[in-house]
Structures are given as structure tokens and as C-alpha cells.
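Asks: Below you'll find the structure I mean.
No lab work stands behind these numbers, since they all come straight from the coordinates. All values reported here derive from a predicted model rather than from experimental measurement. Glycine also receives a Cβ, built like all others from the backbone with ideal geometry; neighbour counts cover every protein chain displayed.
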Amino acid sequence: MISKFINREKERTLLEEEWGKEGGRLIILYGRRRIGKTRLLTEFVKDKENGVFYIAEDSSTQIQINGLKDKIAEFLDDSLLRTLEIKEWSQLFEYLANNMPEQRFYLIIDEFSYLIKSDKKILSVLQRLWDTTFANSPVFMVLSGSMLGLMSDMVLSYASPLYGRRTRDILLEELSFKDAKKFVTMSLRESLELYFIIGGVPEYLLKAAEYSSLNKFLEREFFSKMGYFYREPYFIISQEFKELKFYFSILNAIAYGNTKPTDIANFVGIEAKKIYPYLENLIRLGFVERQVSIFGNPKKGIYQIKDNIFDFWFNFVFKYREEIEREFFHPKKEELSSYYGKKFEDFVRREVLHHLLGYSKAGRWWHKSEEIDVVAVNESTMEIFFFECKWSDLRKKDVKWIVKELKRKAKLVKWNDGERKEKFGVIARKIEDKEEFRCDGFLVYDVEDLERVL
């Protein structure tokens, strides 16, 4: 299993820059569960001697106050503070404000959302003391949280008491495949399929790193009621939303192919106009995304599950939970292939295309029953690129058919007709006789080619 710290150079650089600035610094670090916030902060402070690193628990306010008090007392080597009975956040932070060291020190509160959840007054306390003391002090304060909705609404929003006080906010996102593949020893093909399932979440990758086989990983960690991922999305959603069953139903609807608001609403059983606030919440927290055809009406979008772990879980775990409980579930090969194919299209658009060509705009295209996986345009050269993406091994006749269909559908795409330069391509798991197609002017790439740029 990998133990070294992978990437996060941009975030580490931002933290170091803030550390080197004058006066108090207030950093808000947020991101989904398991994304690596604690590890990032641990790496940041490992060469810094002065500071407090407190990881909050989902417990009562008094237990939280006592926990942070003990950490501060240890840092200050303060026997008096250890014996004091402190009942309010204001007492504890005022004590720190009056007894701070003169040199730069860090105060990191990890899982800060748990403190807000227990007592929202902590925000007003920090606001008051930041304005009166901490802003002009040597404190380097980091408030880190995994409950994205709560962090957005209570810490980052305009209505937050801390609004205007933070000196930097950092949203920690998933690792790209280029970094994610460093965690595992699987083949490139299996590493990609793994990425289509769990994305670039470091803790998930660490779990996968225990296995050399993707099938064994899926069997033990997804398709077993004792598996690490068997209930994981449930825990994440229950942490974010009170209406757990309702949000679950919406995600389930989208996973099953209901991508239009009216179809989602019908699946869930509510009026279409009432579905939009729920969809917006899911988009805001990164679980769902709204897609629009590259040259289509922006009002006519569809909804897709953005988070890989949720997409896979609803399609293969939640859907077949009864079979999994009875311990005789084996995923159908064609269902897995269909899932990988869908995620491969997304992967190409997000992480591959910019390595292959220069363009100013790219996305999916669809009109009525017709669809093209990737359309990209270069405004300056008047080039338009049409790609189909297939997570399969293609023979020559397959590629010829795909290109023929691309050319047919390209005539339906309205963009600088008569002036544009059209180029056609295929990106697949494996392609037979690639050089022959390239000599004919087609853009063809398979995993072997992608390995050089990823």
C-alpha cells in the first residue's frame, strides 16, 4: 500500500504562502469525506513546531470544548488552563487570545462542521475575536470541514458571521487519473476501470491498493454486505441531507437513466416544478451535474451523476442489494461494459481531450435521437472535431462504421457551415491498424496512446 503523499502541490503552496504572510490568517478548507483534508494538513505542519491540531468529533459541545482545551493547554504548557472549568467557546478562545505566543503558530480545527452542528454560536465568537484580536496576531487558523452544505451555508456564505474574515478558502477536489493511478499496482486498463468506479478519492484508492485484481476488489468491498463501500454513499448523503430518502430517490432515478427534470420528478413522485431545489442542492455539493448540448438551448439541460462512486453504487449495489445480501450477486458483463463506456466518455472530455488537440470549446452534442460523444471547436482555425468514444476493442470494420456514422451526424451539427474544417476521430480501449486510419487523416487513439499522456 502506498504511504507517500501524492500531489496536492497547488494546495500546499497556497498554505505555505499564507503561512509566510504577516498578521492573522484564516483559512477555510473544505471537501467531501475521504478526500484527504486531514492528510494535507498533517503534511503541511510536519515541519512546523508551534501549533494546535485538533480533530473534532460528532459529540456534545462540552466534550468538544474539553478536547480543544486540552490541546491548547498542551501547546501552551499551561497547567492552569488544564484545571479550569470552561463551559463556553467564548471563554476558551478569549483565554487563547490573552495567552498567545508572539511567534507564528497554527490553530487547526479539523471537522469544524461538527462544532457548528453542536453550537452555531462558535461562529459569532470567532467573528468577534477575529475582529478584535486574532486578525492582528500571529495565529494561522485553519477551519476544515467535510459537511459541504453546512460549510457552504454557515462558513462561506454571505450570511455567515465569518464572511469577509477568511484570507483564503480551498476546496479540496479529487485527484486526476494521472495521480490516482500511482496508488495501485493494477494494469492500466484495470486502473482506468477502477477510476471510473471510485474516482480520485485518496482514501478509496488506498483501500483499492490492497488488491492486485479489480474483480477481487469489487467482490469484497462492493458486492459484500461487509464491504467497505457497501454503505458508503448512504453515510455521505445522511451527513449532508435531512431528507435522506428523497435525495436517495432522486439519485436513484438519475442512475437508472431518468435525466430530464420531468422524468426524475415522475420517478420520485412529485410535481416537476418542485424537483429543481433538490437538484440544485445536489449540483452544489458535487453529486450531480447539469449538461447542455454544446450548441443547444441552455434551458434544455439533462442531469447526470457526477460523482463516480455514487453512479457505480446506485447502478450495481443499491440496485442489486437483495442479491448481495443473499450472497449470490455477480455483475453482468454487459452492464459493466455499458457503465465503463459511459464513464470513459466523461473521462475523455475531462482529462484526455486537452492533451490531444487545441480547442476553445468542447462537449457532448445531441439533437432528438442523435448524439455525438465529443464535439470540439477551435474558433481561431475554424476546425471542428467529432469523436466517438468506445470502451471496447475495435476492429477495422468497426472503426470504419463509426467514422461513417460520425460523418452522417456531423451534417446535423450547425456551426459555421460551409467554412469549417471537419476532422473525425475515434478513441477506444484498443484499435486495430491505427496507423492505417491516421494515414487517411483520421484521429484515432487507444489506451496505449493515452498512457503516454496520462
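Asks: How long is the gain from Asp119 to Asp179 if the chain were fully straight, where each residue apart is worth 0.36 nm and the alpha carbon distance is subtracted?
Replies: Taking Asp119 through Asp179 to full extension adds about 17.8 nm, to one decimal.
Asks: Along Cα→Cβ, 7 Å out, is where each label goes; now give me the distance between the ones at Glu203 and Asn215 in nm to one decimal.
Replies: With each label point 7 Å from Cα toward Cβ, the separation is 3.0 nm.
Asks: Note the full-extension length gain between Leu84 and Ser360 as 0.36 nm times their separation in residues minus their Cα-Cα distance, in nm to one decimal.
Replies: Extending this stretch completely gives an extra 93.2 nm.
Asks: What are the chymotrypsin sites (Phe, Trp or Tyr not before Pro) within region 285-349 that DSSP puts in a loop, where the Cβ has at most 12 other Cβ atoms within 10 Å?
Replies: Taking region 285-349 and a limit of 12 other Cβ atoms within 10 Å, the loop chymotrypsin sites (Phe, Trp or Tyr not before Pro) found are Phe328.
Asks: Okay, moving on. Could you tally the net charge around Gln103, taking each other residue with its Cβ under 13 Å from the Cβ of Gln103, Lys/Arg +1 and Asp/Glu -1?
Replies: -1
Asks: On C-alpha positions alone, give me the angle between the axis of helix 121-132 and the longest principal axis of the chain, in degrees, nearest 10.
Replies: On a 0 to 90 degree scale, this one is about 70.
Asks: Another question, then. Mind listing which GluC sites (Glu not before Pro) in region 373-438 are in a DSSP loop and have 13 or fewer other Cβ atoms within 10 Å?
Replies: Glu379, Glu419
Asks: Treating only the Cβ of Lys, Arg, Asp and Glu as charged (+1, +1, -1, -1), what charge dipole size does region 94-147 show about its Cα centre? Round to the nearest 20 debye.
Replies: The calculation lands at about 140 debye.
Asks: With bins 10 Å wide starting at 0, give me the P(r) of region 9-171 over every alpha carbon pair, in whole percents.
Replies: Reading the bins upward from 0: 10, 43, 40, 7, 0.
Asks: Could I ask something else about it? Roughly speaking, what is the centre-to-centre gap between region 128-202 and region 409-454 when only Cα atoms are used, to the nearest Å?
Replies: So the two Cα centres are separated by 37 Å.
Asks: How big, on average over all directions, is the shadow cast by the Cα convex hull of region 347-450, in nm²?
Replies: Taking the Cα atoms of region 347-450, their convex hull projects to 6.5 nm² on average.
Asks: By how many degrees, 0 to 90 and rounded to 10, does the Cα axis of helix 333-347 deviate from the longest principal axis of the chain?
Replies: Once rounded, one gets 70 degrees.
Asks: Suppose every K and R has +1 on its Cβ and every D and E has -1 on its Cβ; what is the size of the dipole of the chain about the Cα centre, in Debye to the nearest 20?
Replies: Approximately 1300 debye in magnitude.
Asks: Same structure again: Rounded to the nearest 500 deg cm²/dmol, what is the calculated helix-only ellipticity per residue at 222 nm for the chain, with -39500 (n - 2.57) per DSSP H run of length n ≥ 4?
Replies: When only DSSP H runs of four or more count, the value is -12000 deg cm²/dmol.
Asks: Taking the convex hull of the alpha carbon atoms in the chain, what volume per residue do you get, in Å³?
Replies: Hull volume over Cα atoms, normalised by residue count, gives 177 Å³.
Asks: Tell me which trypsin sites (Lys or Arg not before Pro) from region 232-301 have a DSSP coil assignment and no more than 13 other beta carbons within 10 Å of their own.
Replies: Those satisfying the criteria are Lys242, Lys299, Lys300.
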